[in-house]
Each structure stands twice: as structure tokens, then as C-alpha cells.
1. Can you name every one of the helices (runs of 4 or more DSSP H) wholly within region 1-91 that holds 1 or more residues which are hydroxyl-bearing (Ser, Thr, Tyr)?
2. Search region 238-254 for residues that are polar (S, T, N, Q) and pair each with any residue that is outside any loop (DSSP other than H, G, I, E, B) when their beta-carbon atoms are under 8 Å apart and the residues are at least 6 apart or on different chains.
3. Pairs under 9 Å by beta carbon, first residue closer than 15 Å to HIS184 by Cα and in the same structural domain as GLU61 (by TED's automatic domain parsing) in region 89-114, partner part of a strand (DSSP E or B) and small (Gly, Ala, Ser), six or more apart or different chains?
4. Restricting the search to region 17-51, which residues are aliphatic (A, V, I, L, M) and over 26 Å from the mean Cα position of the chain (by Cα)?
5. Of the numbered conditions (1) touching a residue at least 24 places away in the same chain (Cβ under 8 Å); (2) assigned by TED's automatic domain parsing to the domain that holds MET188, TYR75 satisfies every one except a single condition; which is it?
6. Spot the failing condition for SER288; the list is (1) surrounded by fewer than 18 Cβ atoms within 10 Å (Cβ to Cβ); (2) under 20 Å from the mean Cα position of the chain (by Cα); (3) at pLDDT 95 or above, and only one is missed.
7. Based on this model, can you work out whether ILE36 counts as aliphatic (A, V, I, L, M), closer than 17 Å to LEU92 by Cα and out of contact with any Cys (no Cβ under 7 Å at 6 or more places or on another chain)?
8. Kindly indicate whether ASN115 is within 23 Å of PHE232 (Cα to Cα) and of a type outside the set (Gly, Ala, Ser).
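The values are calculated or read from the model by the stated rules, or taken from the named source; none is laboratory data. Since we're looking at a predicted model, the values are computed, not measured. Cβ coordinates were reconstructed from backbone atoms using ideal geometry, including for glycine residues, and neighbour counts include every protein chain displayed.
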Amino acid sequence: MKKFKAAVIGCGIIFPMHAVSIVRCPDAELVAVCDIKKDRADEKAKEFGVKAYYDYIEMLENEEIDVVHICLPHYLHPIVAIECSKRGKHVLTEKPMSIEIQDARKMIDTANENNVTLGCIFQNRYNAGCILTKQLLEDGTLGAIKSAKCYVTWNRTDDYYGSSDWKGTWDKEGGGVIINQAIHTLDMVRYLVNRPVESVYATIAHRGDAHIEVEDTAEGVIRFDNGMLANFHAINYYSYDAELFIELHCENGIAVLLADRADIKLNDGREFHAVQPDEDFGYGDVKSYWGVNHWKQINNFYHCLKTGEEMFVPVESAYKSMEMVCAIYKSGKTGERIYLNK
């Protein structure tokens, strides 16, 4: 069967997770890369043996492309995704979908109007711990979730923010620790709870030493439609990147997720454990929460393009997590509880 011809727009630090995944995918073929920084585009084009472009419109007009991967600053995700969808291209974007919730909805609507598929990367749903916990929730082993909490305590210095001209800004990144770092953990909590978010009540602040516009601290509570509460705490000024932590207090036991692992203890004494398999992504030393799980989600995206099956991370599910994140920011800025879907 014909392979889907793919291009990657944005040749920064997340680029290899997409380019290598495309090369390893049996249903895809990398044909072009694009970046406004000529040296980066040329370097990656040479590495992967494809054509380099410095303007994505020119690339779309000159290359036969079926799928576009977006690895750009956050504020550009909806602009590029909507343009590609209008040109009949399938789109897979890095998180977040956008920095404004109305733009995320427009991305979905435009894709639907043009009969193309839109996807968003939330690769941590492929963590072994997340998969096991989801299974034990769905089959009733854990019972209903009574409460949840999650912590993300990482370190992002001026060197990190100074490595780009968009990180740490409201207009280009859309926020800080929530939209960039904690978004994956918050997405997993919402995914595991699997109920509509009723409201969010949060605070955000800049308390560390990094010279940024956006928040490096956030805490709050997410109320789901059944009254269940989930607490979150996230900072970007810890001394190192500690393992993300999620705990679910359930009717029949407690599930603890640490990084990509899970330790689940039931009230009847049974225990379940999940450890991420030792899998090789094939691109040297990359962050443990990137790499293989990116490949799994990207491979699933192309499989679903071929078969018409629903994606493991449906775009409407990604949208719900974006809606929650945007509500956190609105609550943090206004000091009010924000109700969703009202």
C-alpha cells in the first residue's frame, strides 16, 4: 500500500521525535522538513536525506505531502494547522493544540470541514503505568476514583528560557509550567478519571528566579461532574526534574504513578505493578518521556489514517485537556472558579 508522504515543520529539539518516528513507521515516508532558520533546516534535511524548506507555504505548494507534523512555538500551532487543513493535509501537532481554546476548536472544525484528520501529541498516555491504571479502572478492579492528586516539580532556568525567543512569554508560549510542563500530567489525570470537568479553581504565580513573564507556580483543584476533586501542584524552580507524581484514591485501593511506572495496592492485599519496557528509540540520548512513546502515538496516527479506526488519543480528547488548561489560566488570572460547558 502507498505510504503517506510526510513533512515536519520546525526543526528544534522535539523534531527528532517526529522525524525518526516517521522513518520507522511502515505507513509513512519523510519527504521534506521546514524551518525559518536555514541552518537548522539544512542540517536536518541532510541528516534524513530530504528536501529543506524555509517557508512552509512554499513547501506545501511545491511538495506532494499527505501529512504535516507541527513542531513549532505554541502560538503558531493553530495558524499552521488551519492552513494545512484547508489545503487538504492531515495534521499532527505537538501539544498544546493552541494557547487560546477558541483556536483549538477552530482547528478541529477546519479539519472536519476539509475531511482531513487532526491529531495532538499526548504521548504520556502510552506510559506503562498509565496503561495499567486505565485497565484496572475500566475493568472495575480499582472501583470508582474518590480523589486524586498530582505534582510536577521541575527545574527551568534562565538558560532554558533563553534558548528560544518564545519560551516564557504569554503571547507565544501561552504560559509556563502549566501549558508546557504539567500539561501531560494534567492530561493523564483527566484521561484516567474519564469524566467531564465541571470547574477549575486555581492560582498561578511567578515566584522563582527565572526572568520570565509567565507563571512558574500553579496549584488548584479540578472538580469533575460527579463531585470528585483532583488537586494539582506544579513548579518550575525545584532543584532538579523530580519524577512526576499522580495518586488516585479509589474505592478498592490506591494507584500511584511515578514517572512512567505504577504501583497499585488494593484493599484486599493484591498488588499490581507496571514498569516501562526497555525499548530503544534509536536516536541517542533523549528524554525518557519522549522517544518511544512518541513513536507509538505517531505510528497509531498513521495506522488510523490507513484503516479509519479511532486514534488512541482522539483529538476531541486532547481538546478536553486543552479546555481544562485554559480554564486553569482563566481562573489563575481572575481569581474566580471557572465553570466549563456553561
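1. Hits in region 1-91: 15-24, 56-62, 77-86.
2. Listed pairs, sorted by first residue: SER239/ASN155; ASN252/LEU266.
3. Going by the 9 Å Cβ cut-off, the qualifying pairs are THR93/GLY119.
4. Result: VAL50, single match.
5. With (1) touching a residue at least 24 places away in the same chain (Cβ under 8 Å); (2) assigned by TED's automatic domain parsing to the domain that holds MET188 applied to TYR75, the lone miss is (2).
6. It is condition (3) that SER288 fails.
7. no
8. Taking the combined requirement at face value, the residue does not satisfy it.
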